1. Got a number for residues in the stretch 158-168 being outside any loop (DSSP other than H, G, I, E, B), of a type outside the set (S, T, N, Q) and over 26 Å from the mean Cα position of the chain (by Cα)?
2. Among 113, 117, which is under 14 Å from residue 163 (Cβ atoms), in contact with a strand residue (DSSP E or B) (Cβ under 8 Å, 6 or more places away or on another chain), free of Cβ contacts under 8 Å to residues at least 60 places away in the same chain and not in a helix (DSSP H, G or I)?
3. Considering each residue of the stretch 1-60, count those that are among the small types (Gly, Ala, Ser), free of Cβ contacts under 8 Å to residues at least 24 places away in the same chain and under 30 Å from residue 98 (Cβ atoms), and give that number.
4. If only one of 74, 38 is at pLDDT 85 or above and either surrounded by fewer than 11 Cβ atoms within 10 Å (Cβ to Cβ) or assigned to a loop (DSSP other than H, G, I, E, B) (or both), which one is it?
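The values are calculated or read from the model by the stated rules, or taken from the named source; none is laboratory data. Everything numeric in this text was worked out from a predicted model, so none of it was measured. With ideal geometry, Cβ positions are generated from the backbone for all residues, glycine too; neighbour counts draw on all protein chains shown.
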Amino acid sequence: MDNHKDEMKDIVVGLEQRITAYETKVKDLKKKRERLNEEIATIEKYLELAKTLYRVEADKAKLASLSSQILTDETGNAPMPVTDVTDQSREILLGRSKYVGMNVSDAAYKILREAKRPMHAKELYQRLLDGGMQIRGKTPVTSVSTSLKRDPRFRKVAPNTFEGLDEQDRSLTRAV
């Protein structure tokens, strides 16, 4: 009888261990699936961006070809070719040029409007760098701060800390 109880106890313990192992495996697989879904979503975004950039480049090439056939300058010569944006396209694909074609103030305004909170110039500078913007100079944080002080879209709320004003706030500021 005791032998039978021990045998049943061993079976129950073994089954509990299997259940725990299977539950752990299911948890791990669900985490992997979640990571894979996130990776798939990111890659799909890059794919869509690549397709869009491909269409832009193809259209640009067609336009350049057509314009060279149609347009000429005052001397009868074909115009200079359009500047190649392939490097910019590559940077955008790599996620390093979020602020292409923007100046510091425009990019900082976009950052502040998206964040919906004031930020210190140092944090803005880091976000600008992360977005691919290059700010030259010995004191780039000071350069960012100076740019924002001169732009009416920004209000200084603390030392080197700025908020982006919407159109209504700006008109109130001008009225005062």
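1. Taking the stretch 158-168 as the starting set, the residues that turn out to be outside any loop (DSSP other than H, G, I, E, B) are 158, 161-164, 167-168.
The next check asks that each one be of a type outside the set (S, T, N, Q); those that pass are 158, 162-164, 167.
In the following step, the residues that additionally are over 26 Å from the mean Cα position of the chain (by Cα) were identified as 158.
Adding up the residues that qualify gives 1.
2. Values: 113 fails: not in a helix (DSSP H, G or I).
117 is the lone residue from the list that is under 14 Å from residue 163 (Cβ atoms), in contact with a strand residue (DSSP E or B) (Cβ under 8 Å, 6 or more places away or on another chain), free of Cβ contacts under 8 Å to residues at least 60 places away in the same chain and not in a helix (DSSP H, G or I).
3. Here is the first cut: in the stretch 1-60, the ones among the small types (Gly, Ala, Ser) are 14, 21, 41, 50, 58.
Next, from what is left, pick out any that are free of Cβ contacts under 8 Å to residues at least 24 places away in the same chain: 14, 21, 41, 58.
Checking the rest, the ones that are also under 30 Å from residue 98 (Cβ atoms) come to 41, 58.
Qualifying residue count, the stretch 1-60: 2.
4. Values: 74 fails: at pLDDT 85 or above.
Criteria check complete, one pass: 38.
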